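Okay, so here's the structure we're looking at.
The values are calculated or read from the model by the stated rules, or taken from the named source; none is laboratory data. Since we're looking at a predicted model, the values are computed, not measured. Virtual Cβ from ideal backbone geometry, glycine too; neighbours counted across all protein chains shown.
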Amino acid sequence: MHLDEFIVAALLILLATSIAVSLFKHLGLGSVLGLLVAGIAVGPYSPGPYVTTHVDDIRHFAELGVVLLLFVIGLEMQPTRLWAMRRQVFGLGSLQILLSGIAIGTYFYVNAYAWNVALLIGLTFALSSTAFVLQLLQEKAELSSRYGETAFSVLLMQDMAIVPLLAAVPILSDTGTLSAELPLWEQFGIIALSFALVIGFGRFAVPWIFQYLAREGNREAFLLVVLLTVFLAAWAMHQAGVSMALGAFLMGMMLSGSRYRLQVQAVVEPYKGVMMSLFFVAVGMSIDFQSLGEQFWIFLQHTAVIVVLKLLVLGLLVMLFGYGRCLALRLAFLLSQGGEFGFVLFGSAKALEVIDDATFVLAVGVISITMLLTPVLVQLGDSLGRKFGRGEEENKKPFRSLGDEHRPSVVIGGYGRVGHSIAVLLDHYKIPFAAFDKNPERVAEGRKQGFHVYYGDIGDPELQGAAHLERARIAVLTVDHAPSALRAVAHMHTSYPNLKIIARARDLADCGRLIEAGASQALPEAMESSLALARLTLDAMEMPKLEVDSLLDSARTANYEMISRREH
């Protein structure tokens, strides 16, 4: 593609996505559906101008967005939390795949498909879209609710099921074998070794590298190492035949307890957002309405039956696992679509002649259309859940953005002398807080003291988002670098208008600038030091305590004018 063609393609995508996302968000249908519609509009199967005919290449590249998404989810999923979810992951998740796969496979077997083809189709359509579901849950801030956690458990088991499903495709083929070069035990040995390498690298090597780069203050290298870490884990798992997204999730989980976790998340978030948007656009571009129209009634029948079977199986399973009707209905509709890994599985099956071209087009169409319908199905599930599950408690769990049950009421920017003093006093009164500092030694010291101290620049808007500042009541900025403090206050005031901001200033001039930028209160350190010295002097001179207190309060009330006047 020439430079001019690339620029025109980029302009078309940006124009279509800007209009579609704005419109669909305004209608309350969410940005995902807008991105899908934008992809349809600029795709090769639309009547208007299109971006490219190489849709598969774009979709494969954009799947890196799914990798980054699973990495971010892993950052918020400590191993202890995953172990606590083992019943949902291995119990509910496994049964959902098996029973949905058998039900859908039986339907296709009855419709004259060979048993091996029907089994593969059934198990593949049993999978749901990790990218779509997690994006919707993040948009609605429900990922840490009971509803979101259960959905994630099922999706995680589905991602793990990709490995045996990919291995099964050659077995089901008349032209292929499992592997002519490697026996089965050796393949599983490679997978186990890949898991061990990713766990070891993420648990020991990566934090050491982050500490070195943080000490050097090398932000650019920090960014590059973060991205290298994610894609290295994804590549290692892919080489072993495992889902790239699962490798990224595992690496994120290894870093979930790291002091650098939130800064890492802040680094990844912008790239994740762009790549996920491109992935949804690519899915929309994949929908070939003309080919689907040639077998419209069969396509419509297959789509309806697959969605209904998944709804019935998952809804009944969720209730058998002890959940209420409200959550069962919501979860069934949330996971009723086909998954993006279906593109990979059906592509492999087509290459090995397990399925023919017509079945491949039909299968890809069903996945794409069910993805397109997901936002509407989710809204329908929410409405039915409220109607038929009335009076039930959904028991939402508190948001756990910092990797455990800690939910700070106060966020401290800067963990130096002043920040440490504030942290000690807050801890004395059992007030939950989180502190951030760019000095790794200070962060290590704070964590040794048992405090929630993280590496990061509190002035970074992405870090503020990763720390979920909207859930805090007060932000206290103790950084002694005036431009950094001013930048942090300005963004906090704009993005979190309900947040009370208390800032430390060097002098009255800095104090005024911080107040103007949006700080609720700003205390000039030089003036407060002068008043403290004055109090000690007056106390030593045995001046009346009440009179001294009144005088100092007057100085503060008058904006320190009494002591800031100078002779000229």
So, in the stretch 421-441, how many residues would count as being more than 28 Å from the chain's Cα centre (by Cα) and either more than 21 Å from Ala472 (Cα to Cα) or small (Gly, Ala, Ser) (or both)?
3
Kindly establish whether Lys350 is more than 25 Å from the chain's Cα centre (by Cα), under 22 Å from Val117 (Cα atoms) and without any contact (Cβ under 8 Å) to a residue 12 or more places away in the chain.
yes
Just to verify a result, which residue in the stretch 365-378, among those that are within 16 Å of Ala282 (Cβ to Cβ) and surrounded by fewer than 23 Cβ atoms within 10 Å (Cβ to Cβ), is nearest to the chain's Cα centre (by Cα)?
Leu372
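Output the residues belonging to the stretch 411-442 that are in a helix (DSSP H, G or I) and within 19 Å of Ser256 (Cα to Cα).
First, pick out the residues of the stretch 411-442 that are in a helix (DSSP H, G or I): 417-428, 440-442.
The one that is in a helix (DSSP H, G or I) and within 19 Å of Ser256 (Cα to Cα): Pro440.
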Out of all the residues in the stretch 481-497, which are in contact with a helix residue (DSSP H, G or I) (Cβ under 8 Å, 6 or more places away or on another chain) and either in a loop (DSSP other than H, G, I, E, B) or of a type in the set (Asp, Glu) (or both)?
Tyr496
Only one residue in Phe71, Phe108 is touching a His at 6+ places or on another chain (Cβ under 9 Å) and at pLDDT 80 or above, so which one is that?
Phe108
Quick check: anything in the stretch 299-313 of a type outside the set (A, V, I, L, M), farther than 30 Å from Asn111 by Cα and in a helix (DSSP H, G or I)?
no
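Taking the options Thr229, Thr177, name whichever one is at pLDDT 80 or above and among the hydroxyl-bearing types (Ser, Thr, Tyr).
Details: Thr177 fails: at pLDDT 80 or above.
Residue meeting the stated conditions: Thr229.
Just checking, which of Ile40, Ile13, Ile7 is assigned to a helix (DSSP H, G or I), surrounded by fewer than 18 Cβ atoms within 10 Å (Cβ to Cβ) and not assigned by TED's automatic domain parsing to the domain that holds Ala248? I'd like the intermediate steps shown before the answer.
Values: Ile40 fails: surrounded by fewer than 18 Cβ atoms within 10 Å (Cβ to Cβ); Ile13 fails: surrounded by fewer than 18 Cβ atoms within 10 Å (Cβ to Cβ).
On inspection, the qualifying residue turns out to be Ile7.
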Would you confirm, using the coordinates I've provided, whether Ser153 is surrounded by 24 or more Cβ atoms within 10 Å (Cβ to Cβ) and at pLDDT 85 or above?
no
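Can you work out which of the residues in the stretch 443-479 that are of a type in the set (A, V, I, L, M, F, W, C) and either assigned to a strand (DSSP E or B) or over 21 Å from Arg219 (Cα atoms) (or both) is nearest to the chain's Cα centre (by Cα)? Quick ask: steps written out before the conclusion?
Just the residues of the stretch 443-479 that are of a type in the set (A, V, I, L, M, F, W, C), to begin with: 443-444, 451, 453, 458, 463, 466-467, 469, 472, 474-477, 479.
When the remaining residues are screened for being either assigned to a strand (DSSP E or B) or over 21 Å from Arg219 (Cα atoms) (or both), the result is 451, 453, 469, 472, 474-477.
On the way: Phe451: 25, Val453: 21, Leu469: 16, Ala472: 20, Ile474: 25, Ala475: 24, Val476: 27, Leu477: 27 Å.
Step by step, filter the stretch 443-479, then rank; the result is Leu469.
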Within the stretch 221-279, residues in a helix (DSSP H, G or I), among the β-branched types (Val, Ile, Thr) and touching a Phe, Trp or Tyr at 6+ places or on another chain (Cβ under 9 Å) come out as Val225, Val226, Thr229, Val230, Val264, Val267, Val268
Is there a residue in the stretch 530-543 that is in a helix (DSSP H, G or I), assigned by TED's automatic domain parsing to the domain that holds Arg473, at pLDDT below 80 and touching a Ser or Thr at 6+ places or on another chain (Cβ under 8 Å)?
no
Within the stretch 203-250, considering residues that are touching a Pro at 6+ places or on another chain (Cβ under 7 Å) and either within 18 Å of Ile190 (Cα to Cα) or not hydrophobic (A, V, I, L, M, F, W, C) (or both), the one surrounded by the most Cβ atoms within 10 Å (Cβ to Cβ):
Gln211
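I need the full set of residues from the stretch 416-438 which are of a type outside the set (Lys, Arg), closer than 20 Å to Arg215 by Cβ and touching a residue at least 60 places away in the same chain (Cβ under 8 Å), in order please. I'd like the intermediate steps shown before the answer.
Looking only at the stretch 416-438, we keep the residues that are of a type outside the set (Lys, Arg), and these are 416, 418-429, 431-437.
Within this subset, residues satisfying the condition of being closer than 20 Å to Arg215 by Cβ are 416, 419-420, 435-437.
Across the stretch 416-438, the qualifying residues are Gly416, Phe436.
Can you tell me which of Phe433, Phe399, Phe451 is of a type outside the set (Gly, Ala, Ser), surrounded by fewer than 23 Cβ atoms within 10 Å (Cβ to Cβ) and modelled with pLDDT under 85?
Values: Phe433 fails: modelled with pLDDT under 85; Phe451 fails: modelled with pLDDT under 85.
Every option except Phe399 fails the conditions.
Determine which member of the set Arg330, Arg261, Arg325 is under 29 Å from Gln88 (Cβ atoms), among the charged types (D, E, K, R) and touching a Leu at 6+ places or on another chain (Cβ under 7 Å).
Numbers: Arg330 fails: touching a Leu at 6+ places or on another chain (Cβ under 7 Å); Arg325 fails: touching a Leu at 6+ places or on another chain (Cβ under 7 Å).
Going through Arg330, Arg261, Arg325 in turn, just one is under 29 Å from Gln88 (Cβ atoms), among the charged types (D, E, K, R) and touching a Leu at 6+ places or on another chain (Cβ under 7 Å): Arg261.
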Could you list, in sequence order, the residues of the stretch 499-525 that are part of a helix (DSSP H, G or I), within 17 Å of Ala475 (Cβ to Cβ) and either of a type in the set (A, V, I, L, M) or not assigned by TED's automatic domain parsing to the domain that holds Asp480 (or both)?
Leu514, Ile515, Ala517
Within the stretch 463-482, identify whether any single residue is farther than 26 Å from Arg261 by Cβ and of a type outside the set (Val, Ile, Thr), and answer yes or no.
yes
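Restricting the search to the stretch 131-150, which residues are small (Gly, Ala, Ser), surrounded by fewer than 21 Cβ atoms within 10 Å (Cβ to Cβ) and within 14 Å of the chain's Cα centre (by Cα)?
We begin by selecting, within the stretch 131-150, every residue small (Gly, Ala, Ser); these are 131, 141, 144-145, 148.
Among the residues that remain, those that are also surrounded by fewer than 21 Cβ atoms within 10 Å (Cβ to Cβ) are: 141, 144-145.
Result: Ala141, Ser144.
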